[in-house]
1. What are the pairs with Cβ atoms under 6 angstrom where one residue, in segment 183-196, is farther than 19 Å from S168 by Cα and the other, located anywhere, is assigned to a helix (DSSP H, G or I)? Sequence gap at least six, or different chains.
2. Give A133, A114, A118, A138 a once-over and let me know the one that is among the hydrophobic types (A, V, I, L, M, F, W, C) and either surrounded by fewer than 18 Cβ atoms within 10 Å (Cβ to Cβ) or in contact (Cβ under 8 Å) with a residue 40 or more places away in the chain (or both).
3. Could you please find all residues in segment 120-133 being of a type in the set (G, A, S) and under 16 Å from V100 (Cβ atoms)?
4. Could you tell me whether segment 63-78 includes any residue that is part of a loop (DSSP other than H, G, I, E, B), surrounded by fewer than 20 Cβ atoms within 10 Å (Cβ to Cβ), among the small types (G, A, S) and touching a residue at least 40 places away in the same chain (Cβ under 8 Å)?
5. Quick one: count up the residues across segment 79-104 that are over 17 Å from L54 (Cβ atoms) and either touching a Ser or Thr at 6+ places or on another chain (Cβ under 7 Å) or touching a residue at least 24 places away in the same chain (Cβ under 8 Å) (or both).
6. Specify the residue that is farthest from R70 (Cα to Cα); the eligible residues are those in segment 159-182 that are free of Cβ contacts under 8 Å to residues at least 60 places away in the same chain and not in a helix (DSSP H, G or I).
Amino acid sequence: MAEPLHFHFDFISPYGWFASTRIEAIAARHGRTVEWHPMLLGVAVMKVMGLKPLLDTPLKGDYVRRDVKRHARRLGLALGRDPDAPVGSPLPMARALSWVRRHDPARQAPLVHALYDAYWGRGQDLSTPAAVAAALPADWDRTAAEAAIAGDQAAAWLREDVQASLDSGVFGSPTTVVDGEPFWGLDRLPEVDAWLQTGGW
């Protein structure tokens with residue numbers, strides 16, 4: 001079986017959200033699946049790279065505010081969160097994905113889509129385990145999920161996942177890794193598609 005596409009993202013990234021709605025279709029066109037990897041922009045961008053968040057960067061921040069709304073309109077997505085709204089802690093969302101990756105990998109995509117829809121599509125605050133559990137699909141055991149997200153094991157797994165992303169050279173959300181080749185950004189998805197089509201260049 002062909003290697004999956006490794007999709008690295010942070011739930012607080014609107015560009016990660018936009019790309020998450022397209023990456024599975026790209027993978028399917030080429031007989032691939034998607035492996036979802038949580039990363040943390042607060043670690044990669046601010047701690048490791050020593051940069052400011054996009055919205056706090058002069059000139060670039062104003063551009064991003066327009067760009068996010070423009071992309072949402074183009075993709076037909078309801079943007080329920082103001083880009084300037086408080087981010088909240090991304091840890092419970094990311095820990096949920098780290099936990100699901102180990103316990104029920106087939107549910108990674110439904111989890112990602114449910115949390116992105118709640119966070120960006122409806123503007124919900126998902127900064128607590130209880131809020132994340134409440135946003136999960138109805139057929140999930142939300143009580144068990146909340147306990148797992150709040151537990152030490154999920155926190156340890158997230159630390160492993162974040163370090164693995166850094167070790168792979170991932171610094172931004174989204175980053176798609178195709179057979180070891182990284183493509184950073186929403187605007188690189190056409191290149192991902194072309195790389196898969198041609199076998200690379």
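1. Filtered contacts from segment 183-196: D193/I26.
2. Details: A133 fails: either surrounded by fewer than 18 Cβ atoms within 10 Å (Cβ to Cβ) or in contact (Cβ under 8 Å) with a residue 40 or more places away in the chain (or both); A114 fails: either surrounded by fewer than 18 Cβ atoms within 10 Å (Cβ to Cβ) or in contact (Cβ under 8 Å) with a residue 40 or more places away in the chain (or both); A118 fails: either surrounded by fewer than 18 Cβ atoms within 10 Å (Cβ to Cβ) or in contact (Cβ under 8 Å) with a residue 40 or more places away in the chain (or both).
When all the criteria are applied, what remains is A138.
3. Step one: of segment 120-133, the residues of a type in the set (G, A, S) are 121, 123, 127, 130-131, 133.
Of everything in segment 120-133, just one residue is of a type in the set (G, A, S) and under 16 Å from V100 (Cβ atoms), namely A133.
4. Here is the first cut: in segment 63-78, the ones part of a loop (DSSP other than H, G, I, E, B) are 76-78.
Checking which are surrounded by fewer than 20 Cβ atoms within 10 Å (Cβ to Cβ) leaves us with 76-78.
Among the residues that remain, those that are also among the small types (G, A, S) are: 76, 78.
Checking which are touching a residue at least 40 places away in the same chain (Cβ under 8 Å) leaves us with 78.
Yes: one or more hits.
5. The first filter runs over segment 79-104 and keeps only residues over 17 Å from L54 (Cβ atoms), leaving 80, 89, 91-104.
Adding the requirement that they be either touching a Ser or Thr at 6+ places or on another chain (Cβ under 7 Å) or touching a residue at least 24 places away in the same chain (Cβ under 8 Å) (or both) leaves 80, 89, 91-99, 101-103.
Number satisfying all stated conditions: 14.
6. Going residue by residue through segment 159-182, those that are free of Cβ contacts under 8 Å to residues at least 60 places away in the same chain are 159, 163, 167, 169, 180-182.
Next cut, not in a helix (DSSP H, G or I) only: 169, 180-182.
On the way: G169: 29, G180: 31, E181: 29, P182: 25 Å.
Checked segment 159-182; the qualifying residue farthest from R70 (Cα to Cα) is G180.
Quick note: the coordinates plus some simple rules give every number you see, no bench work behind them. Owing to the predicted nature of the structure, the values given are computational and were not obtained by experimental measurement. In this analysis, Cβ positions are derived from the backbone assuming ideal geometry, glycine residues included, and neighbour counts consider all displayed protein chains.
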